[in-house]
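Structure below; questions to follow.
The values are calculated or read from the model by the stated rules, or taken from the named source; none is laboratory data. Please read these numbers as outputs of a predicted model, since none were measured by experiment. All Cβ positions, glycine included, derive from the backbone under ideal geometry; neighbour counts span all protein chains shown.
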Amino acid sequence: MKYRTSLIPALLLCAAPAFAGVVVASPSSGAELSSPFQLTATSPYCSSQSIAAMGYSLDSSSNAMVVKGASIDTDVHASAGTHVLHVKSWGKQGSSCVKTITITIVAQPGGGGTGSITVAMPTAGAEVSSPFTLSASAGTCSSRQVVSMGYSLDSSSDTTAFNGNGIDTQVTAAAGAHVLHVKSWGGGGTHCVVDTDITVGSGGGGGTTGSPIPADAIKVSSVQSLSNWKDQHDTATGSSSSGSMSVVNSPSLSGFARKFTTQFSNSGGQRYSDNFGDDTAPTNFFYDGWVYVQSPSSTIANIEMDMNQVTSNGDTVIYGFQCDGYSGTWDYSGNVGSTSSPSVKWFHASGTSCNPRNWTTNTWHHVQVWYSRDGSGNVTYHSVTFDGAVQPINATVNSNFGLGWAPVLVTNFQVDGLGSSGESVVYLDNLTVYRW
């Protein structure tokens, strides 16, 4: 229980101060902190007397907050600016000890400290579609381990909260400018906030702006962390390649990123694949993933992100999509042969630009692709969104193949080499595929 110094016997308040008995573990003198901050202190003795109580005050040495016992572990709220923190103890026979330190409270938006909140998506100032992906994580808040996170739009009162130290969710918002408040809570009630200004575009399902994902879409999350990934050399590329995979927690947004290490010769490409379902009915898909290219990127020609679906008639529709470092465009694939005698061709998406060697290395990049099909296997590639920037495609091509596969949904992640030989390291995280 906390109570005011007026409740401490006058004998304690009038005792001559001594300075040797208070040990402040946190914060340190001269520290810059957010509010609230954690105060941790002990007092083994005060003038050789055992301790009856401890307390603290800000700026004024009076009006202390006091707790019984020989230690303090509490959260202290303070306004922005420089303060003198008085940490005190009182002995059982009337002695008084004080430790004084100077701290600075740094103002933070939203009424709390930022702690270690990292908002990976959306980025500040981004124009997004609705629903948009919110991906954020936090380690500590005012030096306390984060136990839950949440967000609100515009008003800080209407908060959606999640247990744990990460958020990966879809947020629906009306068109226009918004302030996104991303929040974390640590032990002891600490509260941290980061505010991000975003603009939600007015586009809907037209394929030029915005996500078309309906509320009842089937969602498969964290595909990159599934256990049945396999890899093989793509014989349509250079002479040879090999690869290895592992699930790692750094670098990672979710704590479960998949690492692809590829060796190649003569521009060979390695294809990494995973089966994540067997649904033949859906005709719309939305691919949503995060890609991290480890420096150097000079040996990467293309990064390919495909999906295959066996439909109800037993044919396979291939949704081929890649960032093409040769042409500097986003590419989509189609079948220029017949269903029984197929021939794959890559088409450069008009008006788009992409080269994986131009991506900022050692940074997470957000890739979202929307495509759909009709009953004859004609695929429409609607748009690709890279780091929040939408590039419309709106191209339709037949992509139906008679492969004789059993019903399956497959995602492929392929890395093609550039040059006579080399190695590349690429990571994939928070891969989510929506279908409807």
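Could you check, for the stretch 277-295, whether at least one of its residues is surrounded by fewer than 17 Cβ atoms within 10 Å (Cβ to Cβ) and outside any loop (DSSP other than H, G, I, E, B)?
no
Return the pairs, sorted by first residue and then second, in which the second residue is of a type in the set (Gly, Ala, Ser) and not in a strand (DSSP E or B), the first residue lies in the stretch 320-338 and is on the phi > 0 side of the Ramachandran plot and in the same structural domain as ILE393 (by TED's automatic domain parsing), the beta carbons are less than 9 Å apart, and the residues are 6+ apart or on different chains.
Here the result reads GLY328/SER353, each pair linking the stretch 320-338 to a residue that is of a type in the set (Gly, Ala, Ser) and not in a strand (DSSP E or B).
Return yes when ASP306 is of a type outside the set (A, V, I, L, M), surrounded by fewer than 21 Cβ atoms within 10 Å (Cβ to Cβ) and modelled with pLDDT of 95 or more and no when it is not. First the steps, then the outcome.
On the way: of a type outside the set (A, V, I, L, M): yes; surrounded by fewer than 21 Cβ atoms within 10 Å (Cβ to Cβ): yes; modelled with pLDDT of 95 or more: yes.
Judged against the criteria, ASP306 is a match.
May I pose another question? In the stretch 140-166, which residues are loosely packed, with under 15 Cβ neighbours inside 10 Å and either more than 18 Å from the chain's Cα centre (by Cα) or not assigned by TED's automatic domain parsing to the domain that holds THR196 (or both)?
ASP154, SER155, SER157, ASP158, THR159
Please go through the stretch 167-187 and give me each residue that is within 17 Å of SER34 (Cβ to Cβ), crowded, with 19+ Cβ neighbours inside 10 Å and either of a type in the set (A, V, I, L, M, F, W, C) or touching a Lys or Arg at 6+ places or on another chain (Cβ under 7 Å) (or both), ordered by number.
VAL182, TRP185, GLY186
I'd like the full set of residues that are under 12 Å from ASN430 (Cβ atoms), of a type in the set (A, V, I, L, M, F, W, C) and part of a strand (DSSP E or B), limited to the stretch 221-264.
Listed by number, the list holds a single entry, ALA257.
Of everything in the stretch 254-305, what is over 23 Å from the mean Cα position of the chain (by Cα), charged (D, E, K, R) and within 21 Å of ARG435 (Cα to Cα)? Give them in sequence order.
Listed by number, the residues that qualify are ASP278, ASP279.
Check the stretch 247-266 and report whether any residue there is free of Cβ contacts under 8 Å to residues at least 40 places away in the same chain and in contact with a Phe, Trp or Tyr (Cβ under 9 Å, 6 or more places away or on another chain). Walk me through how you get there before you give the answer.
The first filter runs over the stretch 247-266 and keeps only residues free of Cβ contacts under 8 Å to residues at least 40 places away in the same chain, leaving 247, 249-250.
Then drop every residue that is not in contact with a Phe, Trp or Tyr (Cβ under 9 Å, 6 or more places away or on another chain), which leaves 247, 249.
Yes.
Still on this model: Wholly within the stretch 40-139, which strands (runs of 3 or more DSSP E) include no fewer than the required count, namely at least 1 residues that are among the charged types (D, E, K, R), modelled with pLDDT under 85 and surrounded by fewer than 16 Cβ atoms within 10 Å (Cβ to Cβ)?
Numbers: elements: 51-58, 65-68, 71-76, 81-91, 96-105, 118-121, 132-137.
Strands (runs of 3 or more DSSP E) meeting the threshold: 65-68, 71-76.
Could you say which residue among VAL390, VAL415, VAL426 is modelled with pLDDT under 95, among the aliphatic types (A, V, I, L, M) and in the same structural domain as CYS323 (by TED's automatic domain parsing)?
Of VAL390, VAL415, VAL426, the one residue that is modelled with pLDDT under 95, among the aliphatic types (A, V, I, L, M) and in the same structural domain as CYS323 (by TED's automatic domain parsing) is VAL390.
Looking for whichever is small (Gly, Ala, Ser) and touching a strand residue (DSSP E or B) at 6+ places or on another chain (Cβ under 8 Å) here; the options are SER327, SER340. Which one fits?
Going through SER327, SER340 in turn, the sole match is SER327.
In addition: Would you call VAL23 under 40 Å from the mean Cα position of the chain (by Cα), β-branched (Val, Ile, Thr), at pLDDT 85 or above and surrounded by 14 or more Cβ atoms within 10 Å (Cβ to Cβ)?
Values: under 40 Å from the mean Cα position of the chain (by Cα): yes; β-branched (Val, Ile, Thr): yes; at pLDDT 85 or above: yes; surrounded by 14 or more Cβ atoms within 10 Å (Cβ to Cβ): yes.
Yes, satisfied.
In addition: Name every residue in the stretch 150-165 that is modelled with pLDDT of 85 or more and under 20 Å from SER116 (Cβ atoms), in order of residue number. Give the steps one after another, and end with the answer.
Pass one, the stretch 150-165, residues modelled with pLDDT of 85 or more: 150-153.
Residues satisfying the conditions are GLY150, TYR151, SER152.
Among the strands (runs of 3 or more DSSP E) lying completely within the stretch 353-431, list those that include at least 1 residues that are touching a His at 6+ places or on another chain (Cβ under 9 Å).
So the answer is 364-373, 378-386, 389-398.
Sort out which residues of the stretch 24-39 are touching a residue at least 60 places away in the same chain (Cβ under 8 Å), within 22 Å of TRP90 (Cα to Cα) and assigned to a strand (DSSP E or B), and write them in order of number.
Scanning the stretch 24-39 gives VAL24, SER26, GLN38.
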